[in-house]
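A.B. asks: One structure is given below, represented as structure tokens, and several questions about it will come after.
Just so it is clear, none of the values below were taken in a lab; they were calculated from the coordinates. Because the structure is a prediction, the values reported are computed rather than measured. Every residue, glycine among them, receives a Cβ derived from its backbone with ideal geometry; neighbour counts consider all protein chains shown.
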Amino acid sequence: MKKIASVIIVVLGFIFNADAQDPHFSQFFASPLTLNPALTGKFDGTLRAAGNYRNQWPAFNNVYTTSTLSVDFSILNKIIPENDTWGVGIIALTDKAGGGVLTNNYIGISTAYHKALNEDGYSQIGLGFQGMYGQKRLDNSKLYYEDMLTPFGFTGVTQEVYNSNDLNINYFDVNAGLIYTVSTTDKNNFYFGASMYHINRPKESFKGGNWNIAARTTISAGGYFPVSDNLTLHTSGIYQVQGKSTETTFGGAIASALNNDERNPTNVYGGLWMRWNDAVIPYLGLEFGGMRIGASYDINISSLKAGSQSRGGMELSLIYIKKPANGKNVPCPKF
């Protein structure tokens, strides 16, 4: 194969040398089913919908844009023990690199069972599994080759010919996770979780290559507790390993209550997370009517900051939780 134009080489360099090989979010706490399958159904309500959008490194002309949408809910509530929860969820994710040169699409189903360890359900352990169908596609029409270069730019016709089957990959993926949560009152909650994605290490390479997706292991922990009558501190952190790449992100946010409704609170959030040796991530959020909207911006502090102009990426999140009018207030992880 002739050399691909330098712009494509740059894009592929980002793809294979990024801190993590999987699409990921700075607001990992707002994308529960990409963080840990065991978080399926782990919320205070009957149904949860979550959406996320990320535009990473905008200074490099949309090197990565990632979007995800998930819905999960509890089932068999009248059959299983009162304080247990069985959750089922659906997740879809799309990730585009180089303005759509390389596209990854995923759709999957999650399930998790959360077993109460005491009578009030304030201590629980959950086990979750997730099956994903993945598709990776390389758009040859957006590639520029050396033999297309003329004095007027890339206006020539390439002699490179590909079978469309060589540029499309389909595979099945398996993920699993564990989570332990504990509360001392209905106003606090603490959790510790571990998950592994790509357990079966599916093959993912073009043109008959032999490259498999490395398993991604994630350790996560966090919690929230009141620090005054109107203020609650939320903290969270993750440590991820995938192949030779690692990521450590930690931080927290303060929630300021604007009403006294514990079932449907109105809160304003302000906080800061840090991805170690990579980015500082200011966060603002607003919660009302069962909905939480979050916005963050990565300020790049890595060796790429000169080229990126310290612009790491903008991210938006939205979570909606449907709650019954007179249900029990069950403390669950929020960040």
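A.B. asks: Kindly identify segment 180-283 as rounded, prolate or oblate by the Cα gyration tensor criterion: order the square roots of the eigenvalues as a ≥ b ≥ c, call it rounded if a/c is under 1.5, otherwise compare a/b with b/c, prolate if a/b is larger, else oblate.
C.D. replies: On the way: a/c = 3.03, a/b = 2.34, b/c = 1.30.
Here segment 180-283 falls in the prolate category.
A.B. asks: Around A116, with a cut-off of 13 angstrom between Cβ atoms, what is the net charge of the other residues, counting Lys and Arg +1 and Asp and Glu -1? Could you put the intermediate results ahead of the total?
C.D. replies: Working: positive: K42, K115, K328; negative: E82, D84, E119, D120.
Around A116, the charge tally is -1.
A.B. asks: Pulled fully out, how much extra length does the chain show between N200 and S123, if you take 0.36 nm times their separation in residues and subtract their Cα-Cα distance?
C.D. replies: 24.6 nm
A.B. asks: Considering only Cα-Cα distances, which of the following residue pairs are longer than 19 Å: K42/K323; K78/K323; K42/K334; K244/K334; K96/K244; K42/K187?
C.D. replies: Flagged as over cut-off: K244/K334; K96/K244.
A.B. asks: Right, something else. If the chain between K244 and N259 were fully stretched, how many nm would it gain, using 0.36 nm times the residue separation less the Cα-Cα distance? Intermediate values should be presented prior to the final figure.
C.D. replies: Values: separation 15, 0.36 × 15 = 5.40 nm, distance 4.69 nm.
Full extension from K244 to N259 adds 0.7 nm.
A.B. asks: Please compute the net charge surrounding N36, taking Lys and Arg as +1 and Asp and Glu as -1 over other residues with Cβ under 13 Å from its Cβ.
C.D. replies: Numbers: positive: K42, R216; negative: D72.
Combined, the nearby Lys, Arg, Asp and Glu give +1.
A.B. asks: Next up: Mind listing the phi-derived Karplus ³J(HN,Hα) values for segment 101-112, rounded to whole Hz, using 6.51, -1.76 and 1.60 with θ = phi - 60°, and x for any glycine or proline?
C.D. replies: Result, ordered by residue: 4, 10, 10, 10, 10, 9, 9, x, 10, 10, 8, 8 Hz.
A.B. asks: Continuing with this model, one more query. Pop out the ³J(HN,Hα) list for segment 283-300 in order, Karplus 6.51 cos²θ - 1.76 cosθ + 1.60 with θ = phi - 60°, rounded to Hz; leave Gly and Pro as x.
C.D. replies: Running phi through 6.51 cos²θ - 1.76 cosθ + 1.60 with θ = phi - 60° gives 9, 10, x, 9, 10, 6, x, x, 10, 10, 10, x, 9, 9, 9, 7, 9, 5 Hz.
A.B. asks: Sort out for me the Cα centre separation of segment 22-83 from segment 168-192, rounded to whole Å.
C.D. replies: 10 Å
A.B. asks: Between beta-carbons, use under 15 Å as the cut-off and find the net charge around I213, counting Lys and Arg +1, Asp and Glu -1.
C.D. replies: Result for the neighbourhood of I213: +1.
A.B. asks: Sticking with this structure for a sec: Going 7 Å from the Cα of I90 toward and past its Cβ, which residues in segment 105-119 have a backbone nitrogen under 19 Å from where you end up?
C.D. replies: Under 19 Å, as judged by backbone N against the label point of I90, lie 105-112 of segment 105-119.
A.B. asks: Stretched out fully, how many nm does the piece from M314 to S67 gain, at 0.36 nm a residue minus the Cα gap?
C.D. replies: Value of the extension gain: 87.7 nm.
A.B. asks: Hey, another quick one. If each residue's Cβ is checked for other Cβ atoms within 10 Å, how do W273, W211, W86 rank with the fewest at the top?
C.D. replies: In increasing order of surrounding Cβ atoms, one gets W211, W86, W273.
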